[in-house]
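Worksheet: one structure, shown below.
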Amino acid sequence: MAKKEETSMVETFKEFNDDKHIDKTTMISVLEESFRNVLAKMFGSDENFVVIMNPDKGDCEIYQNLEVVADGEVENPSMQIGLTEARAIDAECQIGEEVTKEIVFEKFGRRAILTLRQTLASKILDLQKDAIYNKFKAMEGEIVTGDIYQVWKREVLVLDEDHNELILPKDEQIPSDRYRKGESLRAVIKEVQNINNNPKVIISRTSPEFLRRLFEQEVPEIHDGLIVIKAIARIPGERAKIAVESYDDRIDPVGACVGVKGSRIHGIVRELRNENIDVINYTSNIDLFIRRALSPAKISSVRINEEEKYAEVMLRPEEVSLAIGKGGLNIKLATMLTGYQIDVYRYTDDSDDIYLDEFNDEIDGWVIEALKNIGLTTAKSVLSTPREQIIEKADLEEDTVNYVFDVLRAEFED
């Protein structure tokens, strides 16, 4: 009976290992610790016990080391043994020596066996919880796929392929999402909580990280590191902007992300319930970055306050609605993407202003392009900008800037 009980415990643990992928060394350690806990409860200590697990044979051996004392002088049966009883184990032993007695587990009785099973079950459960927490903690920020198991008002329960529970809260759901039991669902692991040793895996479909991971899956150049996503702004289910940069001059980052006839981005748009996605080229030139972030609007000029992260954008009246966008989405996303608070202004008196392209017979084309790249597209926008700022932002020589100012001023003085 003893051997059957021990074998049952080992087999149970082996099955647990097969199902939960717990390594063999950890399993044996937990099983030995469970035996020792029972021994300590029964004998007051497990210090003089040797527990040997034999996973290959599927059994366990327990030995107790006892000090040999004279018959009738045994004061602590858990630590001592009389000479006569000791010589039944080792005929040549003497008083003061130690003998090793094999413990037959069946003599502990059914209560001890039940205690052992309960202790092992508790430790296995803790081990399982730790394994789940560590597994998913290392996966934070990665996409996971699962099947919808239950839909509640405030959250959705999803089971992955190993039947681990994933929670999708209401505020992490795309507003237009519709969930049905049994359907497959993709989301990003946002957070793994571990309150009172009860792991809880929170997933999200609204996180910018979900959009980042989807692009990594759909665009090989991003996965391989040839294209880098520099910034993401999302209003889930409505619209998103993503800024990308290529580390290979031969690769057009925007074209690679969109794909031929939109083949790459269409799959992402469908996954996000037709969320409109704008892909733009990233630049460290904040003036140009703001202009690109506000596309499709064409900006006349930009004034930057770098200390306060603030930008004033000047536009022709017909461009203002494009910059703001439906419901203010375009300017809100541009603010999120660039990190600058952006305010747009109309030109109220530009009837006598002149576009820089009109001066190409007096000012070199490359100079005009340098000015336009920092958002200065008209004569008045240049004249209203400090020379030092133009020299720094457009990377032009002081003499060149002075010449431009002289040409533009002469036009208005005439």
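Numbers for the structure displayed
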| read-out | value |
| --- | --- |
| From the coordinates shown, Rg/Rh (Cα atoms, Kirkwood Rh) corresponds to which of (1) 0.99; (2) 1.31; (3) 1.29 | (2) |
| Pairwise FRET efficiency - residue 121 versus residue 80, Cβ, R0 = 51 Å, nearest 0.05 | 0.90 |
| Nearest-0.05 FRET efficiency for residue 150 and residue 249, computed from C-beta distance (R0 60 Å) | 0.75 |
| Pair residue 61, residue 178: separation of 7 Å Cα→Cβ label points (nm) | 6.7 nm |
| Inter-label distance for residue 261 and residue 135, nm, one decimal - labels placed 7 Å from Cα along Cα-to-Cβ | 4.2 nm |
| Of all accessible heavy-atom area on the chain, the percent that carbon and sulfur account for (1.4 Å) | 45 percent |
| Too-long pairs where the Cα-Cα distance tops 20 Å, listed order kept, from 309/393; 298/372; 101/123; 135/181; 170/332 | 101/123; 135/181; 170/332 |
| Helix-only CD estimate at 222 nm, as mean residue ellipticity for the chain, using -39500 (n - 2.57) per DSSP H run (n ≥ 4) | -12500 deg cm²/dmol |
| Nearest-10 value in Å² for the accessible area of residue 129, using the 1.4 Å probe | 50 Å² |
| Cα-projected label distance for residue 273 with residue 142, points at 7 Å along beta-carbon direction, nm | 2.7 nm |
| Probe 1.4 Å, all protein chains present, accessible-area order of 41, 380, 153, largest first | 153, 41, 380 |
| Stretchable slack from residue 111 to residue 91, in nm (0.36 nm times residue separation minus alpha-carbon distance) | 3.8 nm |
| 5 angstrom amide H check on residue 187, placed H, neighbours 5+ away | 144 |
| Fraction of alpha-carbon pairs over 23 Å apart in the range 69-196 - percent | 60 percent |
| The chain: DSSP helices with Cα axial extent of at least 24 Å and average Kyte-Doolittle hydropathy no lower than 0.0 | 24-43 |
| Residue-level accessible surface for residue 336, protein heavy atoms, 1.4 Å, Å² | 90 Å² |
| Per-residue SASA entry for residue 151, accessible area with 1.4 Å probe, Å² rounded to 10 | 60 Å² |
| Per residue accessible area of the chain, 1.4 Å probe, in Å² | 55 Å² |
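The values are calculated or read from the model by the stated rules, or taken from the named source; none is laboratory data. Bear in mind the structure is a predicted one, so any value in this text is a computation, not a measurement. Here the Cβ is made from the backbone with ideal geometry for all residues, glycine too, and neighbour counts use every protein chain on show. SASA here: full protein model, heavy atoms, side chains in, ligands and nucleic acids out. Shrake-Rupley method; radii C 1.70, N 1.55, O 1.52, S 1.80 Å.
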